[in-house]
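Contents: one structure, followed by commentary.
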Amino acid sequence: MAYALSLSVDQDLLALGRAVGELRRRNLKVSAITLGPGADAGQARLTVIVDADEGTVEMAMRKLLKVSGVRGATREPQ
């Protein structure tokens, strides 16, 4: 099943690299990735569409919230 993961990250390349690296380590199949301005100054919104089962997505969300530079995360089924 496809899920949309929406991450609020610090607006620097290190935070973005860490977040995407965590998805890579989880070996998630990414079908789309978008980066845009965040709600607060100094933050960006990273939206990723992944195709995985619910348990895998839940584990990835827990790990993403522990990544330095990730300020928040939500997921929605597609």
More than 19 angstrom apart: percent of Cα pairs within the chain: 25
3J(HN,Hα) from dihedral phi, region 42-50, Karplus parametrisation 6.51/-1.76/1.60, rounded to Hz, x for glycine, proline: x, 10, 10, 10, 9, 10, 10, 9, 10
Under 15 Å, Cβ to Cβ, from G69 - net charge with Lys/Arg +1 and Asp/Glu -1: +1
Relative contact order of the chain, defined on C-alpha pairs under 8 angstrom at six or more residues apart (%): 50
For Q11, distant residues with modelled amide H under 5 Å away: Q43, A44
Ellipticity estimate at 222 nm from DSSP helix runs (n ≥ 4, -39,500 (n - 2.57)) divided over the chain, nearest 500: -10500 deg cm²/dmol
Tilt relative to the chain, helix 54-66 - C-alpha long axis, 0 to 90 degrees, to 10: 20
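Coordinate-derived values only; no laboratory data. Source: prediction; values computed, not measured. Positions of Cβ are backbone-derived with ideal geometry, glycine not excepted, and every protein chain shown enters the neighbour counts.
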